[in-house]
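A.B. asks: Pasting a structure here, questions to come.
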Amino acid sequence: MKNKNKFLLSVMALACLNSLNANAETFSFDTRNSLNSDTLVLFHSADSTTYSLDFLPQSTQDQLNLAVADNSFSGKRGEVLEILVPSEIDAKRVLLVGIGDAKTLTPGEINTLGGNIAAKLETVPQATVRVLTQGLNNAPLFGSELAHGIELRSYRYTQFKASNRVEKNYQIGVDDLSLNQKHHKNLQAVEAGVFLARDLTNAPAGNMYPESFANEARKLKSLGVKVTVLEAKDIERLNLGALAAVGKGSERPPKLVVAHWPGSKDAPIALVGKGITFDSGGYNIKATGTSIARMKSDMAGAATVLGTVKAMAIQKAPVNLVAIMPMAENMVSGHAMIPGDVITTAQGLTVEVLNTDAEGRLVLADGLWYARENYRPSVIIDVATLTGSKVSALGTVYAGLFTDSEQLVQQLTFAGQQVGEKVWRLPLDQAYDDELKSTIADLKNTGKEGSAGASAAAMFLKRFAGDQPWAHLDIAGHALTATDTAVVPAGATGYGVRLLSTWLTQPKAQN
Ligand code: BES
Ligand code: MN
Ligand code: ZN
């Protein structure tokens, strides 16, 4: 073999290792009732009509029933009872997991159960886990959705620190094998999208800047995604003046990254993601250490829309999807925007920049314009860590949804409920637009001090969103989690990939 080929092969092997690293659990599905494993996971519903422990040896059943009685385990959703060294079977432990009423389980709630199981088993030294989901007739996809939750929770960012946990080998017993295997394949595509978004967001700003983000996007070409990158000179030439202005304070030039998955002949759906790889605030510098330290995550919107494109491309989903990612680093320097500067957007509107920290709406203005001008999309959804005001209003329980389309409210709310990435509608109103009046330009980039900042920002975006249906998702607060949650270990969340992937691939209920 030629040396060059050898080199290529080892690079490919490394690339495979890398993707394995992100998630090294293995999963297989079967229809057996076998108990042969280190850990046995069984489910118990509140009404206990959907499942019985009949297949276990009598003495094991007695032991479990005793443990259930002693610990007042009722089968409530999320309850976990751990029984060590059960009698007569080979398993070292049994996890009995409460599922509540199986009829009312959403996929997201099943994912949560999976996440809880992964967390419970994290420090367990034995590798094999046998999960028996047979008999849950009200939830035919229980096994594959459970695997999804386990995998989402098992993600680790291993760029700078090795993960030392024992990787598990899950064997999941199901009733309908092909149904679950097929569904699990699609869920794994979504996971790949979530993990890409998490990797991009976890990466420190010193590593993840417009150029390196563009390079990560280019890797999707191998999946059939068309990736184009506008360089600083293109941004200048096309008069994307707002993106240029936000980026000009940095040593690292801005880019506009486009990733297009042409999976159908329909008019494209455009996703526009805010890509501020670091938001210092600019001259309106973020004053507290805690507010500035998290701002490597201000490109989470861009990460989410790129992750969604990856999920669709792996699935070969029949959707025509284009992601537009205006990327810039908002810095302080002799080249940076000066508070009070007036800039000209690609659409032609002039903006008085009264606060250099309200930079997200600026780059999105040019991103929205670019999406409309070049793709004539049937619908645009933008995703952005846009305002602290949104965090005050909704915390991280809901993302803020702004749209005039009742249909998008209904569809996105439903998709969010399904996967547990919930959205809540907040108002778009002309009164908030009135607050954006500037004395010397077409508009200013801030609303009224201390009032309804999320809606003012949304009305700013609306000026650039065009006539087709448009929705804005303010995901401020969602990009990073300080503590482990059910399906997300501490760190970047990849929030929105599951919501948008579900919205894109589920038949949409008509209203
Ligand atoms: N990236 C921030 C918004 C943000 C805040 C995200 C907290 C995540 C957590 C955004 O660029 C910003 O600084 N917004 C300002 C706008 C204001 C100056 C009008 C804000 O919300 O304070
Ligand atoms: Mn800012
Ligand atoms: Zn920002």
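The values are calculated or read from the model by the stated rules, or taken from the named source; none is laboratory data. Predicted, not measured: the structure shown is a model, and the values here were computed from it. Ideal geometry is used to build each Cβ from the backbone, glycine not excepted, and the neighbour counts take in all protein chains shown. With ligands, DNA and RNA removed, areas are computed over all heavy atoms of the protein, side chains included. Shrake-Rupley method; radii C 1.70, N 1.55, O 1.52, S 1.80 Å.
A.B. asks: Rounded to the nearest 500, what is the 222 nm mean residue ellipticity of the chain from helices alone, with -39500 (n - 2.57) per DSSP H run of 4+ residues and division by all residues?
C.D. replies: -11500 deg cm²/dmol
A.B. asks: Only four residue types carry charge here, +1 at the Cβ of Lys and Arg and -1 at the Cβ of Asp and Glu. Report the dipole size of the chain about the Cα centre in Debye, rounded to the nearest 20.
C.D. replies: 1440 debye
A.B. asks: Let me ask another. Which entries of Lys103/Lys422; Lys161/Lys233; Lys221/Lys444; Lys310/Lys437 show an alpha-carbon separation above 30 angstrom in the structure shown?
C.D. replies: Lys161/Lys233; Lys221/Lys444; Lys310/Lys437
A.B. asks: Efficiency by 1/(1 + (r/R0)^6): what FRET value for Ser163 and Lys219, r their Cβ-Cβ distance, R0 = 25 Å, to the nearest 0.05?
C.D. replies: 0.65
A.B. asks: Right, here's the next one. Quick one: net charge of Thr133's neighbours, Cβ under 13 Å, K/R +1, D/E -1?
C.D. replies: That works out to -2.
A.B. asks: Using the Cα centre of the range 387-489 as the reference point, and only Cβ charges (+1 on K/R, -1 on D/E), how large is the resulting charge dipole? Debye, rounded to the nearest 20.
C.D. replies: For this selection, approximately 140 debye.
A.B. asks: Assuming 0.36 nm per residue, please report the length gained on full extension of the stretch Phe414 to Asp341 beyond their Cα-Cα distance.
C.D. replies: Extending this stretch completely gives an extra 22.1 nm.
A.B. asks: Here's something else I'd like to know. When the Cα centres of the range 125-186 and the range 251-307 are compared, how far apart do they sit, in Å?
C.D. replies: 31 Å
A.B. asks: At 0.36 nm per residue, minus the direct Cα-Cα distance, what do Lys316 and Thr26 gain on full extension? Give it in nm, one decimal, please.
C.D. replies: Length difference between fully extended and current span is 102.1 nm.
A.B. asks: For the charge dipole of the range 129-252, defined by +1 on Lys and Arg C-beta atoms and -1 on Asp and Glu C-beta atoms about the Cα centroid, which residue among Asn169, Asn207, Leu220 has the Cα displaced farthest towards the positive pole?
C.D. replies: Asn207
A.B. asks: Size of the dipole of the range 139-191 about the Cα centre, Lys and Arg at +1 and Asp and Glu at -1 on the beta carbon, nothing else charged, in debye to 20?
C.D. replies: 340 debye
A.B. asks: While we're on this one: Karplus couplings for the range 140-155 from phi (6.51 cos²θ - 1.76 cosθ + 1.60, θ = phi - 60°), rounded to Hz, Gly and Pro as x?
C.D. replies: Karplus-based 3J(HN,Hα) across the range 140-155 equals x, 9, 3, x, 6, 5, 5, 4, 4, x, 4, 5, 4, 6, 7, 4 Hz.
A.B. asks: Provide the FRET efficiency to the nearest 0.05 for the Asp70-Lys182 pair, computing r from the beta carbons and using R0 = 45 Å.
C.D. replies: The formula returns an efficiency of 0.65 here.
A.B. asks: Another question, then. Which of Ser178, His335, Ser405 sits closest to the plus end of the dipole of the chain, meaning its Cα is farthest towards the positive end, when Lys and Arg get +1 and Asp and Glu get -1 on the C-beta?
C.D. replies: Most positive-ward Cα: His335.
A.B. asks: Something else now. Can you give the accessible area per residue of the chain, in Å², using a 1.4 Å probe?
C.D. replies: Averaged over the residues of the chain, the accessible area is 42 Å².
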